[in-house]
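Comments concern the structure below.
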2 protein chains.
Amino acid sequence: MSKVETMKPQLEPGYLVGIDIGGTNLRLALANTAGAIVSRWSTTVAGHRSSEAIVHLIRTGIENLLRQASLPWSALKAVAAGAPGITNVDSGVVIVTSYLLGWRDVPLRNLLETATGVPAAVDNDVNLAALGESRMGAAQDSPDFVFLAIGTGIGAGIITNGKLLRGSSWAAGEIGYMLVPGAPDEPVERGKPGPLEGMIGGEGIRSQWQQLWKSTATSLPHDANATQIFDAALKGDPLAQTILQQTARLLCYALLNVSLVLNCPLFVLGGGVGIHPALLDATQRNLERWSGRTPVQLRPSVLAADAQLRGAICLALETLHARDSQGRMDLPL
Amino acid sequence: MSKVETMKPQLEPGYLVGIDIGGTNLRLALANTAGAIVSRWSTTVAGHRSSEAIVHLIRTGIENLLRQASLPWSALKAVAAGAPGITNVDSGVVIVTSYLLGWRDVPLRNLLETATGVPAAVDNDVNLAALGESRMGAAQDSPDFVFLAIGTGIGAGIITNGKLLRGSSWAAGEIGYMLVPGAPDEPVERGKPGPLEGMIGGEGIRSQWQQLWKSTATSLPHDANATQIFDAALKGDPLAQTILQQTARLLCYALLNVSLVLNCPLFVLGGGVGIHPALLDATQRNLERWSGRTPVQLRPSVLAADAQLRGAICLALETLHARDSQGRMDLPL
């Protein structure tokens with residue numbers, strides 16, 4: 001081997017871990033440097049929601065993933081995690097999460113780097129889902145789009161010119177508090193769901209359902225969830241159709257308002273509730289009634305439940321490449 | 001003089017013209033390269049609203065300005081114009097304006113360069129006002145803010161990281177169509193004012209006033225304008241106070257919605273109606289009721305009626321500097 005070749009740094013085959021921290025589940029995926037998922041691991045976080053407990057679970061998960069793939073720890077090159085909260089991506093600190101985790105000012109990136117010994121990055125989970133859809137999902141052709149997630153709650157990740165729009169205090173896209181016709185217009189207590197979230201988030205849809213529920217109006221039980229309600233709407237259940245139409249109308253208002261501000265041509269709907277075909281369809285029909293000079297295009301998430309995890313893998317890859325080029329510059333000539 | 005000195009390009013003292021094209025008036029200002037206004041010229045555009053007629057008026061105005069300042073045409077180095085419409089700043093084409101001008105796809109930059117023989121730039125008027133407030137007005141300390149203009153209609157210019165956010169088809173900030181509680185929630189015909197504009201734009205406020213007007217409820221006439229109504233509200237006129245409170249509440253909703261999307265900490269209120277102290281005060285009080293995790297700060301425009309014109313001068317300066325550095329690169333070594 002010539003001297004020149006030995007001086008050229010070699011990229012040894014490496015692996016990444018993407019991490020999706022949820023209010024109920026923790027999910028990890030091991031991927032190669034082409035971004036392909038090699039294996040997965042998940043666990044419940046019930047009773048283990050402190051940041052220390054979560055990071056301990058993550059460490060356990062990575063050990064499992066590497067063992068499954070017969071890889072040594074040294075094969076791990078970078079990790080990235082999405083957390084359901086407002087996150088300062090520069091400092092790597094999760095500023096605040098919802099009550100489910102109850103975190104305040106958690107230095108998650110440092111905790112992950114200490115636990116793993118490799119470079120780490122963190123971001124808001126919906127932002128990571130938007131990144132995933134942008135790089136390998138429903139919006140690969142669009143440098144400007146908004147990923148809108150409807151799960152238990154709602155949130156949006158905004159991509160302009162191919163990059164995440166962060167906002168001055170890392171809270172861009174927190175549209176659960178948006179004020180639209182048909183949603184309450186009274187101020188909401190801190191920590192409570194916002195007016196829009198209280199109507200069209202998964203929990204909000206349940207609560208709307210329970211307020212209108214009468215055994216004579218539906219064959220569904222009082223404690224049906226949003227997905228069951230939308231399924232029943234497709235089959236013609238009258239009360240379920242009422243709730244579906246109300247949700248679609250308010251979602252349409254929110255999409256229009258966001259698109260007026262940003263002049264954004266494409267929305268990708270995701271999240272456990274947001275990907276329901278009945279909701280997509282009903283919202284699309286509302287949007288058509290309103291389409292003005294700039295029609296708004298609506299697509300379902302392609303990555304579905306994997307959007308956050310795929311986004312985390314993309315972020316881990318970007319972290320690895322950033323550190324890698326940094327490392328190369330530090331090499332002696 | 002040494003050979004080296006003769007080869008170094010000298011910046012000869014030059015002048016710029018900023019142009020504010022309105023639906024009723026055309027205003028020009030001559031400025032030096034420090035951005036200071038040297039003289040002003042204005043005229044009505046009634047009966048002269050075609051792009052050819054406006055550009056002819058602009059040429060006449062520049063001749064007048066240069067004559068007033070005893071300057072030759074060669075002293076003019078760049079011009080920039082703001083037009084009340086959606087503008088492609090890359091191609092220099094005004095895509096569409098409101099019915100007052102009725103322009104469609106006007107290549108305004110080319111027309112101005114042909115008429116003046118100097119580099120020209122064009123932008124939307126509210127974007128230019130935002131640029132003015134950013135560079136020499138109320139938001140010089142803030143890289144992220146939204147300028148919201150209320151005149152006959154409404155519009156917003158969005159600055160993120162010190163730069164204008166354009167949107168995918170140059171229409172970011174066209175919030176007149178925003179849907180908020182208390183404004184109509186039915187689709188609007190193309191070309192008609194949007195639901196929010198129809199309530200809180202200057203013309204919308206007049207029309208709200210006329211709908212509620214009864215001679216027993218107010219001392220103001222049926223055809224009062226927004227400024228007269230807000231003046232009367234300050235003096236305790238009951239109907240005027242009702243209209244002021246309604247306008248302030250809806251404006252507060254719009255500000256909150258924009259700030260939720262962008263996570264923007266500062267709004268600057270401008271435009272003939274928007275700068276009224278009664279509106280600022282009443283809107284501020286509404287915002288305080290709603291202030292959540294991220295309070296929204298509200299400031300009046302500092303540049304007031306000059307915001308667009310000052311922004312146009314800033315844009316002309318930036319155009320001159322861009323062409324100047326381009327020119328320098330073209331010099332033979």
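The values are calculated or read from the model by the stated rules, or taken from the named source; none is laboratory data. Computed from a predicted model, the values in this text were never measured in an experiment. Using ideal geometry, Cβ is built from the backbone for each residue, glycine included, and neighbour counts are taken over all protein chains shown.
Working carefully through the options B:Gly191, B:Gly204, find the one that is modelled with pLDDT under 95, assigned by TED's automatic domain parsing to the domain that holds B:Gly176 and of a type outside the set (D, E, K, R). Walk me through how you get there before you give the answer.
Working: B:Gly204 fails: modelled with pLDDT under 95.
B:Gly191 is the lone residue from the list that is modelled with pLDDT under 95, assigned by TED's automatic domain parsing to the domain that holds B:Gly176 and of a type outside the set (D, E, K, R).
Do we have A:Asn286 as at pLDDT below 95 and within 14 Å of another protein chain (Cβ to nearest Cβ) here?
On the way: at pLDDT below 95: yes; within 14 Å of another protein chain (Cβ to nearest Cβ): yes.
The answer is yes for A:Asn286.
B:Leu279 versus (1) in contact (Cβ under 8 Å) with a residue 40 or more places away in the chain; (2) within 14 Å of chain A (Cβ to nearest Cβ): which is the lone unmet condition?
Only one criterion in (1) in contact (Cβ under 8 Å) with a residue 40 or more places away in the chain; (2) within 14 Å of chain A (Cβ to nearest Cβ) is unmet by B:Leu279, namely (2).
Inspect the range A:153-165 for any residue being in a loop (DSSP other than H, G, I, E, B), farther than 30 Å from A:Leu315 by Cα and either among the basic types (Lys, Arg) or at pLDDT 95 or above (or both) and give the result as yes or no.
No: zero hits.
On the basis of being crowded, with 18+ Cβ neighbours inside 10 Å and over 19 Å from the mean Cα position of the chain (by Cα), does A:Asn257 make the cut?
Criteria met by A:Asn257.
Within the range A:219-254, take every residue that is within 14 Å of chain B (Cβ to nearest Cβ) and small (Gly, Ala, Ser) and give me the one that is nearest to the chain's Cα centre (by Cα).
Checked the range A:219-254; the qualifying residue nearest to the chain's Cα centre (by Cα) is A:Ala254.
Which of the residues spanning the range B:183-208 are surrounded by fewer than 16 Cβ atoms within 10 Å (Cβ to Cβ) and closer than 20 Å to B:Gly274 by Cβ?
Listed by number, the list holds a single entry, B:Ser207.
Scan the range A:165-181 and tell me whether some residue there is surrounded by fewer than 21 Cβ atoms within 10 Å (Cβ to Cβ), within 11 Å of chain B (Cβ to nearest Cβ) and of a type in the set (Lys, Arg).
The answer is no, given that none of the residues of the range A:165-181 is surrounded by fewer than 21 Cβ atoms within 10 Å (Cβ to Cβ), within 11 Å of chain B (Cβ to nearest Cβ) and of a type in the set (Lys, Arg).
So, in the range B:217-231, exactly how many residues are over 12 Å from B:Glu203 (Cα atoms) and either free of Cβ contacts under 8 Å to residues at least 24 places away in the same chain or part of a loop (DSSP other than H, G, I, E, B) (or both)?
Of the residues in that region, 7 qualify.
Give me the strands (runs of 3 or more DSSP E) completely within the range B:23-137, filtered to those with at least 3 residues that are under 24 Å from B:Ile175 (Cβ atoms), ordered by residue number.
Result: B:76-83, B:85-88, B:93-97, B:104-106, B:120-124.
Can you tell me which of B:Arg109, B:Arg67, B:Arg49, B:Arg40 is more than 16 Å from B:Cys314 (Cβ to Cβ) and buried (at least 22 other Cβ atoms within 10 Å of the Cβ)?
So the residue among B:Arg109, B:Arg67, B:Arg49, B:Arg40 that is more than 16 Å from B:Cys314 (Cβ to Cβ) and buried (at least 22 other Cβ atoms within 10 Å of the Cβ) is B:Arg109.
Being part of a helix (DSSP H, G or I), within 30 Å of B:Gly155 (Cα to Cα) and not polar (S, T, N, Q) is true for just one of A:Leu244, A:Leu255, A:Leu239. Which residue is that?
Within the list A:Leu244, A:Leu255, A:Leu239, the selection yields A:Leu255.
Restricted to the range B:147-164, and to residues that are polar (S, T, N, Q) and under 18 Å from the mean Cα position of the chain (by Cα), which residue is nearest to the other protein chains (Cβ to nearest Cβ)? Step through it out loud before you land on a result.
First pass over the range B:147-164, keeping only residues polar (S, T, N, Q): B:152, B:160-161.
Those left that are additionally under 18 Å from the mean Cα position of the chain (by Cα): B:152, B:160.
Details: B:Thr152: 19, B:Thr160: 7 Å.
Filtering the range B:147-164 for residues that are polar (S, T, N, Q) and under 18 Å from the mean Cα position of the chain (by Cα), the one nearest to the other protein chains (Cβ to nearest Cβ) comes out as B:Thr160.
Looking at B:Glu203, B:Glu186, which one is closer than 23 Å to A:Pro195 by Cβ and either more than 8 Å from chain A (Cβ to nearest Cβ) or in a loop (DSSP other than H, G, I, E, B) (or both)?
Unique residue meeting the criteria: B:Glu186.
Test B:Gly176 against the stated conditions and say whether it is in a helix (DSSP H, G or I), assigned by TED's automatic domain parsing to the domain that holds B:Phe267 and under 30 Å from A:Ala248 (Cβ atoms).
yes
Is it true that B:Thr160 is within 15 Å of B:Leu266 (Cα to Cα), assigned by TED's automatic domain parsing to the domain that holds B:Gly202 and surrounded by fewer than 24 Cβ atoms within 10 Å (Cβ to Cβ)?
In short, yes.
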